[in-house]
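Report on the following structure.
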Amino acid sequence: MYNIHTHIAGSNKSILNIETINDVVPEFYFSIGLHPWYIEATNQTHFFNQIRKLCCYKNMLAVGECGIDRVCKVDINLQKKVFLKHIEIANKYNKPIIIHCVKAYSDFIEIIKTGINKTPWVFHGFNSNFDIAQKLIEKKCYLSFGSQLLKSSKLQDTFKKVPTEKIFLETDTYNVDIVELYCFAAKIKEISAIKLAKQIDNNFNELFLPKPSEL
Ligand SMILES: [Zn+2]
């Protein structure tokens, strides 16, 4: 059962979010990005040089998490600028982006409408309504649901309506059992956990494995 976004190393079916080149574990998939919370404390030139190097690793599956957080105090224009830098790198190395979004869905919809991104986006910890979900799906985005799904009936309603081909599940920083999350999510979809896991396997392959034409 794939875990699309976690900060805790432990499974070869997880994408581990790492913060520096020293955190790379050869047998695990990983992603790396500059989280909006840490933009001001980070030497950007050094960080982006690091990401560029890591993009050549086969087990680096995505750029991120990165994005826009309207609750944190970092200047919003700076956040957008840094996010655009991630898009540039993702485009160049043909990697999807794992997105951190807090109260900024309309910012992303605006950016995506410009057609600047050449690779799909995964909104991690998706926590909004079906209207937003639809707008993102129309633009080839995937939505990843985490522990909030266990708690919010509103989010469960949204989840039920989102096509299974566009869904991922994740534990993020939380102490949630991914198997428990799959079982819970499968109940909402009224399918078996095995069927849901198979569909998410397909989504994973579709998103991350190169198509024969790209080899
Ligand atoms: Zn995270």
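Details
- Descending semi-axes in Å of the chain, equivalent ellipsoid built from Cα gyration tensor: 25, 20, 17
- Loop-resident sites, region 103-134, for trypsin sites (Lys or Arg not before Pro), counting at most 13 other Cβ within 10 Å (DSSP): 103, 118
- Counting 0.36 nm for each residue step from residue 75 to residue 154 and taking away their Cα separation leaves a gain of 25.4 nm.
- On the principal axes of its alpha carbon atoms, region 46-120 extends 33, 26, 16 Å, with the longest extent given first.
- With 25 Å as the limit, the listed pairs 58/189; 140/161; 53/139 have 58/189; 53/139 beyond it between alpha carbons.
- Folded to 0 to 90 degrees: helix 44-54 orientation relative to the chain principal axis, Cα: 60
- Value of [θ]222 nm, deg cm²/dmol, for the chain, DSSP H segments ≥ 4, -39500 (n - 2.57) each, nearest 500: -12500 deg cm²/dmol
- Remark: the chain carries a charge dipole of roughly 520 debye about the Cα centre, counting +1 on each Lys and Arg Cβ and -1 on each Asp and Glu Cβ.
- Peptides 26-36, 43-53 ordered by packing proxy, namely the average of other Cβ atoms within 10 Å per residue, highest first: 26-36, 43-53.
- Amide N of region 137-155 lying under 12 Å from the label point, which is placed 7 angstrom from the Cα of residue 174 along Cα→Cβ: 145-153, 155
- With Cα atoms defining each centre, region 131-149 and region 90-104 are spaced 13 Å apart in the structure.
- Compared with the dominant principal axis of the Cα atoms in the chain, helix 178-189 is inclined by about 60°.
- For the chain, the longest principal axis of the alpha carbon atoms and the long axis of helix 193-208 meet at an angle near 30°.
- Using C-alpha pairs below 8 Å separated by at least 6 residues, the relative contact order for the chain is 18 percent.
- Charge context of residue 55, other residues only, Cβ under 9 angstrom, K/R +1, D/E -1: +4
- Under 14 Å, Cβ to Cβ, from residue 188 - net charge with Lys/Arg +1 and Asp/Glu -1: +4
- Within the shell of other residues whose beta carbon sits under 12 angstrom from the beta carbon of residue 116, the net charge comes to +3, with Lys and Arg scored +1 and Asp and Glu -1.
Each value in this text was obtained by applying a stated rule to the coordinates, not by laboratory testing. Here the structure is a predicted model, which is why all the values come from computation and not from measurement. All Cβ positions, even for glycine, are placed from backbone atoms using ideal geometry, and neighbour counts span all protein chains on display.
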